[in-house]
Structure formats: structure tokens, C-alpha cells
Amino acid sequence: MIDPEVRPTPGVRRSRASWVLGGLLLQAIGAGGVAAFVWLKVRRQNLSGHVTAATIRLVWHGEVHTRQGIIVLTGGLLIYAAGSVVMARPYVTRPVTLFVAVPLAAIIGMLVLGAVAFIVALVIAGGADGCDGGCGGSDFDRRRKASRTAPQ
């Protein structure tokens, strides 16, 4: 019989930090793999070395419809969701919440974050298309260029 005066000591507990770090690492691998895949395809499609908004759109839409692109996107999404489960493990006690709600929230969050990142990339690439060396220059650079092109 168990003596009520003696409480059993808990087993070895892992730090929550290791769960969070492991989950973040898995999430970075999942999201970074998809980003690297798309970036490599963009660079391969672009012969001049200058990435444009049209190139990003073309590659993104082209890769979503290929078997390899779907496999990479799905694999990255599953790895990202697994990282979210690992990260939430020390904080969530119910298995249904851990294995259903957490991955679903992670997938929705990744899709929203991916859409925002895609829009930002298009805006940056679209803004860079109109700059032929004149965007972001100082007044000195503009005056120097104007003096070179002025008739004498």
C-alpha cells in the first residue's frame, strides 16, 4: 500500500525551451525549404540575373501546378505543422487540441504569412523594375547625372 505521507517524485522533466527550440527548428526547415525551392526556380527562369515581379509571379503560378511543386509545398506544410505540434507539446494537455487544432492553426497561419510575404516580394520587385539606377540615390548623384546630360 502507498504511504500517504510519502509523495512520489516526478520523473525527469525536459525543459520547455528544448520543445520550443525543436519546434522552431522544424518550422524553419519547413518554411525555408519551400522558400529555397521557389527562389531556385526563380533564379533558373531568369537569364539576366535580375529578378522581376513578373518572374516571381510566373514561377509561383507555374510551380503550384507541377507535381514536384505540390510535393515540395505539401512537405513543407507538413514539416511546419509538425514543428508547431512539437512547440505546443509542453503547453497543451488535450490530444485533440494538440494533434488537430494546433496543426490547423499552423497551416492557416503559414498560408496567411506566405500570402503577405508574396505580396511584399511583388511590391519590392515591382518597385525595383522602374529603377534604372536612379532609385534611392542622393541629391548629389542626381545633380551629377543632370550636369553630365546638360547641353554645353
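Taken together, the values in this text are just the output of simple stated rules run on the coordinates, not laboratory data. It should be emphasised that the depicted structure is a prediction, and the values quoted were computed from it without experimental measurement. Don't worry about glycine lacking a Cβ; one is built from the backbone with ideal geometry, like all the others, and counts go over all protein chains shown.
Could you size up the charge dipole of region 16-130 around its Cα centre, putting +1 on the beta carbon of Lys and Arg and -1 on that of Asp and Glu, and report it in debye to the nearest 20?
Once rounded to the nearest 20, the dipole reads 220 debye.
Leu21 versus Val96, label points 7 Å from Cα toward the beta carbon: distance in nm?
Rounded to a tenth, the inter-label distance reads 3.5 nm.
Can you tell me, using C-alpha contacts under 8 Å and at least 6 residues apart, the relative contact order of region 16-130 as a whole percent?
38
How big is the gap, in Å, between the Cα center of region 60-79 and the Cα center of region 81-111?
21
In sequence order, what are the phi-derived ³J(HN,Hα) couplings for region 55-72 according to the Karplus relation 6.51 cos²θ - 1.76 cosθ + 1.60 with θ = phi - 60°, rounded to whole Hz, with x for glycine and proline?
So the Karplus estimates, Gly and Pro as x, are 5, 4, 4, 4, 5, 4, 5, x, 6, 5, 9, 9, 4, 5, x, 5, 5, 5 Hz.
Quick check: pseudo-label points 7 Å beyond the Cα along Cα→Cβ at Gln45 and Leu111, how many nm apart are they?
Reported label-point gap for Gln45 and Leu111 is 2.2 nm.
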